[in-house]
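Below is one structure, written out as structure tokens, with a few remarks after it.
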Amino acid sequence: MIERQRQGDLPRKHHVAFQGTGGRLRHEHCITRQGFDGPYTIAYHERRPHQAGAGTPTRGFPAPEPAPAPGLARRHYRSAGLSAAGFASLSRLPLLFTSQLTVSVARPDQSDTSYFVNGDADDLYFVLEGGGVLRSVLGDLPFAQHDYLFVPKGILHRFELGSVPQHWLVVESKTPLGIPPAFRNPLGQLRMDAPYSHRDFRAPVLASPFDERIRNLVVKRGDAFSESALTHSPFDVVGWDGAVYPFAFAIRDYQPRVGAVHLPPTVHTTFSAPGLLVSSFVPRPLDFAPDAVPCPYPHSSVDLDELIFYASGDFTSRRGIEPGSLSHHPAGIPHGPHPGAYEASLGKTRTEELAVMLDVEGALQRTQFAVSVEDGEYHSSFFEAL
């Protein structure tokens, strides 16, 4: 959650009568986190927001199922080789997962014809290619290439896609995802030394209520999908305020930190959840000490699996990758730069890399979708010829 937003028509106080044209009572809709103890948003509907029929089982995106367990190795998946066409909200294909987290790729080619609610998890999208508009019960939110797009658990929404091809990384977190607490001051405001400001985040904009023709709702809960019919459009909100809402953030608005010598990757942290760090690698100057080694040092991470999703530019420590590549370096074995990259980085002053890194607690399992696009030569590419 970023900060409280206020949009549209609101009564003077919450939980009081709020009447519309002709004296008809509007319906207050509270969207809460952690029961009633966490962040919340209150929206005001012209009609009752809970007029949906009983749900019937339906198909959604595949549940993550483990592929046969391989030996421990560094792995590379070329997600551009996946054909994940379909409706935007339901086209994702899971690649790697734990009990609390699923990392998927989506390549949708159709705007949603149903509304979608993820009742299990927060969804964080990174748009490698594409763009469009996220239409939610709280308003419209345009998004574009290289945006992060966050949709909180429980928010009714659908995607309208632009005309360009789409390729998204999707992180589904069953633990609450948001801004790291260290980036906030005691009042909850983003600190001035945070890597972004409140102005960098884009919230949905509430337009005048209108009656969309869509009447289908798909809800994911307990890793199962159910579909129900709505009696009227849910987009009849006249106003809302609160701190639970979708937002977009352009990765290039991330303000990187540099040091005299190589800083640990945690300085690139962008979002966090229990058991998860999301970091942004963006174009930046490199380390400036005369004898600094800009390339990342070899590393044994004994607690976390590391994923990097590559977007563009030259990544100092890797070769043989492409936009949409996803590298997986599991805990238990060291990882580091490819042979020659460590030495070749000496004297370099700048990097143009653009990538998203995930540090994940717990051993990530891979699915058959990941196996189908694996680069089988990746692990051996780290061996230097003698």
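Summary table below
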{"read-out": "Subset of region 195-232 [aromatic (Phe, Trp, Tyr) and touching a Lys or Arg at 6+ places or on another chain (Cβ under 7 Å)]", "value": "225"}
{"read-out": "Failed condition for residue 194, given (1) surrounded by fewer than 19 Cβ atoms within 10 Å (Cβ to Cβ); (2) under 19 Å from the mean Cα position of the chain (by Cα); (3) modelled with pLDDT of 95 or more", "value": "(2)"}
{"read-out": "Pairs, first under 24 Å from residue 359 (Cβ atoms) in region 277-298, second of a type in the set (Lys, Arg) and part of a loop (DSSP other than H, G, I, E, B), C-beta under 6 Å, six or more apart", "value": "286/348; 294/348"}
{"read-out": "Residue 270 surrounded by 15 or more Cβ atoms within 10 Å (Cβ to Cβ) and outside the structural domain of residue 38 (by TED's automatic domain parsing)", "value": "yes"}
{"read-out": "Number of positions in region 238-274 that are under 26 Å from residue 172 (Cβ atoms), touching a Leu at 6+ places or on another chain (Cβ under 8 Å) and at pLDDT below 95", "value": "1"}
{"read-out": "Matching strands (runs of 3 or more DSSP E) fully within region 176-269 where at least 2 residues are closer than 23 Å to residue 131 by Cα", "value": "216-221, 247-250"}
{"read-out": "Region 365-377, residues that are more than 11 Å from residue 81 (Cα to Cα) and crowded, with 20+ Cβ neighbours inside 10 Å", "value": "366, 367"}
{"read-out": "Number of positions in region 63-87 that are part of a loop (DSSP other than H, G, I, E, B) and out of contact with any strand residue (DSSP E or B) (no Cβ under 6 Å at 6 or more places or on another chain)", "value": "11"}
{"read-out": "Odd one out for residue 102, checked against (1) more than 17 Å from the chain's Cα centre (by Cα); (2) surrounded by 20 or more Cβ atoms within 10 Å (Cβ to Cβ)", "value": "(1)"}
{"read-out": "Some residue of region 28-37 being acidic (Asp, Glu), assigned by TED's automatic domain parsing to the domain that holds residue 18 and not in a loop (DSSP other than H, G, I, E, B)", "value": "yes"}
{"read-out": "Test: residue 33 is within 29 Å of residue 170 (Cβ to Cβ), surrounded by fewer than 10 Cβ atoms within 10 Å (Cβ to Cβ) and either in contact with a Pro (Cβ under 7 Å, 6 or more places away or on another chain) or touching a residue at least 12 places away in the same chain (Cβ under 8 Å) (or both)", "value": "no"}
{"read-out": "Residue 113 vs. criteria in a loop (DSSP other than H, G, I, E, B) and either among the β-branched types (Val, Ile, Thr) or farther than 30 Å from residue 50 by Cβ (or both)", "value": "yes"}
{"read-out": "Sole residue being in contact with a strand residue (DSSP E or B) (Cβ under 8 Å, 6 or more places away or on another chain) and not basic (Lys, Arg), chosen from 312, 345", "value": "312"}
{"read-out": "From the options 232, 262, residue that is surrounded by fewer than 20 Cβ atoms within 10 Å (Cβ to Cβ), free of Cβ contacts under 8 Å to residues at least 60 places away in the same chain and not aromatic (Phe, Trp, Tyr)", "value": "262"}
{"read-out": "Qualifying strands (runs of 3 or more DSSP E) (wholly inside region 123-162; at least 2 residues being surrounded by fewer than 19 Cβ atoms within 10 Å (Cβ to Cβ))", "value": "139-143, 157-161"}
{"read-out": "Search result, residues across region 85-99 that are closer than 18 Å to residue 114 by Cβ, under 18 Å from the mean Cα position of the chain (by Cα) and aliphatic (A, V, I, L, M)", "value": "88, 90"}
{"read-out": "Unique residue being in contact with a strand residue (DSSP E or B) (Cβ under 6 Å, 6 or more places away or on another chain) and modelled with pLDDT of 95 or more when the list is 60, 55, 119", "value": "119"}
{"read-out": "Output for region 197-216, where each listed residue is buried (at least 17 other Cβ atoms within 10 Å of the Cβ), out of contact with any helix residue (DSSP H, G or I) (no Cβ under 6 Å at 6 or more places or on another chain) and modelled with pLDDT of 95 or more", "value": "201, 202, 204"}
{"read-out": "Members of region 52-71 that are surrounded by 13 or more Cβ atoms within 10 Å (Cβ to Cβ) and either farther than 21 Å from residue 93 by Cβ or over 27 Å from the mean Cα position of the chain (by Cα) (or both)", "value": "52, 55"}
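The values are calculated or read from the model by the stated rules, or taken from the named source; none is laboratory data. The structure displayed is predicted, hence computed values, not measured ones. As a convention, Cβ positions derive from the backbone with ideal geometry for all residues, glycine included, and neighbour counts pool all protein chains shown.
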